Amino acid sequence: MKKSLFVLLAILAVLSFPAFAQGGGESASPKIGFMGPMSGDYANYGVLSNNSAMLAVEQFNAKGGFGGKLPVVLVTEDSEGRVEKGLSSIEKLSSSDKIVGLIGPVLTGTSFAVGERVQNEGIVMISPSATHADITNIGDYVFRTVVSDGLQGEVAGHYFYDKLGYRTIGVLYAKNDYSQGLYEGMSAAFEAAGGKVTIAEAFNVGDKDFKTQLTRIRSANPQAIYIPNYTAEMAQILEQASQLGMKIPFLSCDGFSNPDIYKLAGEFTNGVIYVGPAKVKESPAFSTFVSQYTAKYGVGPDSFATNAYDGTNILLAAMDKVYKASGKFDRKAIRDAVAATKDYPGVSGIVNFAENGDLVAYQGLYKVNKTTPEYLGTFTVVDGKLVQID
Amino acid sequence: MLFTPVFSCYRTVQFSYEGESIVGIAEFFQHLMNGLTLGGIYALIALGYTMVYGILKFINFAHGDVLMVGAYVGLFLFDLFRGSSPLGLWTIIAFFIAMIISMAFSALLGMFIERVAYKPLRKATRLAPLLSAIGVSFILSNSAAWMFGTHSRKFNYPFDNTPLHLGDVVITPHQVLILVVSLAMMIILKLFIDRTRMGKAMRATSLDQGTAMLMGINVNRIISLTFAIGSALAAVGGILIALDFKVYATMGTMTGLKAFVAAVVGGIGNISGAMFGGILLGLLETFGVAIFGIPTGLKDTIAFGVLIIILLVKPEGLFGKVEKEKV
């Protein structure tokens, strides 16, 4: 771990050296920050996304930087995936490095804490991977290039009501942020549309026996059951429901897109409808990015790293726009330019930000035929209405 | 949400409380069935705890992990024997062969653990073998996680587990198997201890090791035998649970703890008490949540709440005898 960190710092040093050299006497070379776990259990997420930020910065500087003369400097801070470390890192980035924008943090927990700070300091932040629905509610300086968990619940609630025609739904969820967040999101949308969640049963993480909860749901007799959980629990639930002779259709979430479910639950998965990632046509821009990234770092990018690449480029484009207009790098102006991003052609697809800083994105709907998921279409929710994209 | 009113077409008769329906007949019997099978599993595992305690006055905290090893062995053997043959007589035979070999393996493992980790501490303070048992428990579960990974593995049913409908109450062949096997194991064990020479020797050892030895009983052999039987029962319990709850490295931890509570509730050291304690605990857990409105998130606390109450009110357990402190 120490060694890889050293190599990383070395790369950073080499990368920033020509920046200093070119910048020379001009102290105006703007800095942007990257924050993520570069060591510890989650290091892989941080390292892959930081690679993207470095790649984007390098490509930007190779094209001449701002106004053809001013390169950008990237400062990477290791959050170790811990909130306390994240807070001291943002302190350093903000007051000592005087960054004008931040890519990251990578993890949801750190993003909540750091988001509060950047909001107060007036530094725009773009997270590639913090999915919790409430992250962007921190304030108008917080953006993300990853789909919010909130959208999934919203699409689910509307789809169940509008397309599947259900009016009553039962829910069986786990007591963790993920499951509970999806349950609450789906319920809000489903009830706003006019449906009713007639029974919601909870269980603890690690439970294996759901017969009590299922028996109660069976008695409440809803038209369908929503089970927003991870594969191990969902397999168990589907099997025990069949043991209780339940014929009620099951609905699920992106946790179901992990193929492990078919190993654990076999044909009990037949007929399950779930909300998962939208199918994206692979663009030429995406394959160029993947090959450049892989050539440089020896490993391919994960989906968060892809998001980090788009986020960094969006930030640089916004800075460029502000610099051309004013000759300065004003933090507020940069935030406004990021918010004004329209139809940005990113490698992950066309990027737009919603009013609250969320990525405008889509969800896919799937129906399982025996043990094979079939694609039903791509959906999103605009102004409280379900919209089918294709 | 405490009591859920029920308005479905399922039932005609309902338990009422001041005019408000609480739970229907069908739902009540379904919960009863679920509680009985859950309790049957606890009872089966509690037998192992209670036997070891009865002889050695020592709680074998590695019991739940022996159960896990038994389940893994059963899983691998069953998959090996079964190959790709469809459900039928052969899969049932393969299942029972796998179970018997797994019982033998677990029995050897139990004897080995006793020899290596507990026997050298027999004359040490009472705390020492207890700590050693916790150590063995960690070693077993961590080794399993290291060797087999931390994901759950599916133990396929060797028979057609299509549920049977008794009116609106549904019961699976697997649930029947759990009840039958638990009951059979308890009766066999009871007959063995009450009617055979070996059993007599076990009872003698349990009463007083020193005197038993003077009477010509090989106490070491009896203790080994106790661990062998207890571990073999754990393997049966592990395999029966695995059919329903899958196989994973920490599967013995929570079930083991609850079975321990069941043994204490029934009166630790008492075979029928363990059976009764297990069934009672299963029913309490199911009905506590389903009828008495305890939030589902607190389901696991029921067992330990019962443990505390029993320890305060009747520490010798429901079926236990009050023992005088040996001087």
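We did not get these values from a lab; they are worked out from the coordinates using the rules stated. Quick caveat: nothing in here was measured; it's all calculated off a predicted structure. So basically every Cβ, Gly included, is an ideal-geometry build from the backbone, and we count neighbours across all protein chains shown.
Backbone geometry of the range B:271-285 corresponds, through the Karplus equation with coefficients 6.51, -1.76 and 1.60 at θ = phi - 60°, to 3J(HN,Hα) couplings of 5, 5, x, 4, 4, 5, x, x, 4, 4, 5, x, 5, 4, 4 Hz, x marking Gly and Pro. Rounded to two decimals, the Cα-based Rg/Rh of the range B:237-287, with Kirkwood Rh, is 1.01.
Taking a straight Cα-Cα cut-off under 16 Å and skipping sequence neighbours fewer than 8 places away in the same chain, the lysines within cross-link reach of B:Lys190 are B:Lys200. Looking at chain A, the DSSP beta bridges with both ends there are about 45 percent antiparallel.
In whole percents, the pair-distance distribution calculated for the range A:251-301 from its alpha-carbon pairs, binned every 10 Å from zero, is 21, 29, 24, 23, 2. Taking the square roots of five times each eigenvalue of the Cα gyration tensor of the range B:147-262, the equivalent ellipsoid has semi-axes of 36, 19, 11 Å, listed largest first.
A viscosity of 1.002 mPa s and a temperature of 20 °C, combined with the Kirkwood radius over Cα pairs in Stokes-Einstein, give a translational diffusion coefficient for chain A of 96 µm²/s. For the residue pairs A:Lys342/A:Lys367; A:Lys208/B:Lys154; A:Lys175/A:Lys263; A:Lys208/B:Lys57, alpha carbon separations beyond 22 Å are given by A:Lys342/A:Lys367; A:Lys175/A:Lys263; A:Lys208/B:Lys57. Working value for the range A:56-208: equivalent-ellipsoid semi-axes of 39, 18, 12 Å, each the square root of 5 times a Cα gyration tensor eigenvalue, largest first. Taking the fewest neighbouring Cβ atoms within 10 Å as the starting point, the ordered list for B:Ser206, A:Ser219, B:Ser182, A:Ser95 is A:Ser95, B:Ser206, A:Ser219, B:Ser182. Every pair of different Cα atoms in the protein assembly as shown enters the Kirkwood calculation, which places the hydrodynamic radius at 29.0 Å. Residue exposure proxy: B:Met275, B:Met99, ordered by other Cβ atoms within 10 angstrom of their Cβ from fewest to most, comes out as B:Met99, B:Met275. With respect to chain A, whose longest principal axis is taken over its alpha-carbon atoms, helix A:303-326 is tilted by about 40°.
The range A:144-265 has equivalent-ellipsoid semi-axes of 21, 18, 13 Å, by the square roots of 5 times the alpha carbon gyration tensor eigenvalues, sorted largest first.
Taking every DSSP beta bridge that has both ends in the protein assembly as shown, the antiparallel portion is near 50%. A viscosity of 1.002 mPa s and a temperature of 20 °C, combined with the Kirkwood radius over Cα pairs in Stokes-Einstein, give a translational diffusion coefficient for the range A:218-259 of 198 µm²/s. Each of B:Asp79, B:Asp65 was scored by other Cβ atoms within 10 Å of its Cβ. Arranged with the fewest first, they read B:Asp79, B:Asp65. Largest first, the extents of the alpha carbon coordinates of the range A:83-124 on the three principal axes equal 23, 17, 16 Å. Could you tell me which of rounded, prolate or oblate describes chain B, using a ≥ b ≥ c as the square roots of the eigenvalues of the alpha-carbon gyration tensor, with rounded for a/c under 1.5 and, failing that, prolate when a/b is larger than b/c and oblate otherwise? Cα axes put chain B in the oblate bin.
Angle of helix B:89-113 to the longest C-alpha principal axis of chain B, folded into 0 to 90 degrees and rounded to 10: 40°.
The calculated P(r) of the range B:13-138, using every Cα pair and 10 Å bins from 0, goes 11, 27, 24, 18, 14, 6, 0 in percent. When the Cα gyration tensor is reduced to axis lengths a ≥ b ≥ c, the ratio a/c is 1.5 or higher for the range A:168-220, and with a/b not above b/c it is classed as oblate. The three principal axes of the Cα atoms in the range A:281-331 give end-to-end lengths of 39, 24, 17 Å, sorted in falling order. For the residues B:Leu164, B:Leu225, B:Leu140, a GNM of chain B with alpha-carbon springs under 10 Å puts the largest fluctuation on B:Leu164.
For the protein assembly as shown, the 222 nm mean residue ellipticity estimated from helices alone, with every DSSP H stretch of n ≥ 4 adding -39500 (n - 2.57) and the total spread over all residues, rounds to -18000 deg cm²/dmol.
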